[in-house]
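What follows is a set of notes on a single structure, which appears directly below.
The values are calculated or read from the model by the stated rules, or taken from the named source; none is laboratory data. Nothing here was measured: the structure is a model prediction, and the numbers come from that model. With ideal geometry, Cβ positions are generated from the backbone for all residues, glycine too; neighbour counts draw on all protein chains shown. Heavy atoms of the whole protein, side chains included, go into the accessibility calculation; ligands, DNA and RNA do not. Shrake-Rupley method; radii C 1.70, N 1.55, O 1.52, S 1.80 Å.
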Amino acid sequence: MECRYAAAAYLLYVLASVVFPDSKGNRVSANLFQLLDLLEDVNKYSWGTAIVAHLNGQLSQVWIYDHFQSLFKDNEDVELNPKWSKGSPTGTRYMFTGSQDKEQTDALIEMHQKLDNIMAKEVIFNPYKDGRVGAMEDVVYYHGPLFDPNGFSMYNPMRIMRQLGFIQDSSDDDYVPTFKHKLDKCEADLSDIKVVYEPATDVKHWND
């Protein structure tokens with residue numbers, strides 16, 4: 001049992017600091033524990049899709065800065081990486097140098113004020129235009145949930161490719177997405193938004 005506990009603790013450290021890193025510092029999400037409940041099953045999970053889902057969520061901050069560069073102007077916690085060049089990963093373009101100790105409420109108010117003051121001429125509507133290639137090959141038309149330990153990210157190739165500066169047409173004129181918004185079940189309040197799909201997402205996709 002001591003060996004199993006030591007192995008689980010090491011895997012938990014790797015998951016939190018290497019596979020699914022975030023800004024929590026030395027805190028670990030309790031969601032990761034469920035993945036280690038049976039150590040024998042760890043090698044059976046679809047880690048690739050989980051990492052893609054995690055990266056999609058984490059990259060949203062970078063995409064925001066690419067489109068609204070005035071948001072990091074005069075921000076002492078964020079600066080452009082002087083060593084970054086076109087062709088390098090977008091996620092390495094910015095350096096987050098601050099301690100990130102600012103209260104979330106204060107940071108949100110400051111962000112709202114900056115957004116309110118943005119003019120249309122300051123928005124970069126297509127920041128990846130110059131980096132386009134002529135065409136993209138081997139495009140996968142999967143449309144559905146990509147599960148990670150914190151939940152799932154709904155993967156939509158149309159949406160993802162547009163974020164990256166590409167436009168993808170369906171290979172089939174009669175193509176119907178597997179998952180659709182259940183609009184009458186979707187909810188939102190001042191602090192959160194709940195998006196519901198039909199059919200409902202299920203961890204069967206993770207297991208498969």
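A compact table of results
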read-out: Boolean, Leu55 is within 26 Å of Phe96 (Cβ to Cβ), open to solvent by 80 Å² or more (accessible area, probe 1.4 Å), assigned to a helix (DSSP H, G or I) and without any contact (Cβ under 8 Å) to a residue 40 or more places away in the chain; value: yes
read-out: Residue in the range 61-68 that is among the charged types (D, E, K, R) and surrounded by 13 or more Cβ atoms within 10 Å (Cβ to Cβ) present; value: yes
read-out: Subset of the range 1-51 [surrounded by 14 or more Cβ atoms within 10 Å (Cβ to Cβ) and aromatic (Phe, Trp, Tyr)]; value: Phe20, Tyr45, Trp47
read-out: Residues being in a loop (DSSP other than H, G, I, E, B), closer than 21 Å to Gly25 by Cβ and either basic (Lys, Arg) or modelled with pLDDT under 75 (or both) - total across the range 77-118; value: 7
read-out: Of residues in the range 1-52 being assigned to a helix (DSSP H, G or I) and among the β-branched types (Val, Ile, Thr), the one farthest from the chain's Cα centre (by Cα); value: Val42
